[in-house]
Amino acid sequence: MAKLKSLSALRRIVAAEKAKGRAVVLANGCFDLIHAGHIRYLRAAKDKGDVLIVALNSDRSLRKLKGKGRPILEQRERVEILSSFSFVDFVTVFDEPTVAGILQSLQPDIHVKGSDYTRETVPERDTVKAYGGRTAIVGGPKIRNTSDVVRDIASKMGHGA
């Protein structure tokens, strides 16, 4: 999993990429069960710049955010899946409730969020603004999320979710 990088390694990579005049984009999320919405989001994120870093919620932070029964796929598997996408350049994992610390550390040119947010509702918008970056909403209309997929699967299997 060569695309998985520590925050300190990414700081060096981001500095080198910016020195070359390349735009760095950071996307983040749980990516617990990859579906078409995730693909649209990540492809659109990559279209915003030259280098796409995906900050992935750790198993522990995902469990805190989503509750019992989550994650569905362990962090190691989610890293491997994200790393397999040609449009994802690097992946890092974080434990915090938001990605603000990674944004402060890396200071990507653009922080992208999916269309379930507006620029006004992005939790890290003030962090990005403070270092001079910008926030973009990408990925098209939100059709469904992983929780919906889980409920659909449970229903089709004859179980309540």
Find how many whole Å separate the alpha carbon centroid of region 60-74 from the alpha carbon centroid of region 1-59. 21
Cβ-derived FRET efficiency at R0 25 Å, HIS35 paired with ASP95, nearest 0.05: 0.55
Give, as a single signed number, the net charge of other residues whose beta carbon lies under 14 Å from the beta carbon of ILE13, with Lys and Arg counted +1 and Asp and Glu -1. +3
Relative to the longest principal axis of the C-alpha atoms of the chain, give the angle of the C-alpha long axis of helix 7-19, reported between 0 and 90° and rounded to the nearest 10°. 50
For ALA19 and ASP126, what does the FRET efficiency come to when R0 = 30 Å and r is the distance between their Cβ atoms, rounded to the nearest 0.05? 0.65
Once a ≥ b ≥ c are taken as the square roots of the eigenvalues of the Cα gyration tensor of region 1-96, is the result rounded (a/c under 1.5), prolate (a/b larger than b/c) or oblate (a/b not larger than b/c)? prolate
Net dipole in debye of region 1-142 [+1 Lys, Arg Cβ; -1 Asp, Glu Cβ; about Cα centre; nearest 20]: 60
By how many degrees, between 0 and 90 and to the nearest 10, does the Cα long axis of helix 36-47 differ from the longest principal axis of the chain? 10
At most 14 other Cβ atoms within 10 Å and a DSSP loop assignment: could you name the trypsin sites (Lys or Arg not before Pro) in region 96-133 that fit? ARG119
Normalised by the number of residues in the chain, what is the relative contact order in percent for Cα pairs under 8 Å and 6+ residues apart? 27
Can you pull the Rg over Rh of the chain, Cα-only, Kirkwood? 0.97
I need the trypsin sites (Lys or Arg not before Pro) found in region 28-96, filtered to DSSP loop residues with at most 11 other beta carbons within 10 Å of theirs. LYS68
How many Lys pairs in the chain lie less than 16 angstrom apart by Cα atoms, where the lysines are 8 or more positions apart or on different chains? 7
For the ASP50, LEU4 Cβ pair and Förster radius 22 Å, calculated FRET efficiency rounded to 0.05 is 0.65
Counting Lys and Arg as +1 and Asp and Glu as -1 over every other residue whose Cβ sits under 11 Å from the Cβ of ASP89, the net charge comes to +2
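Only the coordinates and a few stated rules stand behind these numbers; no lab work does. Keep in mind that what you see is a predicted model, and the values were worked out from it rather than measured. All Cβ positions, even for glycine, are placed from backbone atoms using ideal geometry, and neighbour counts span all protein chains on display.
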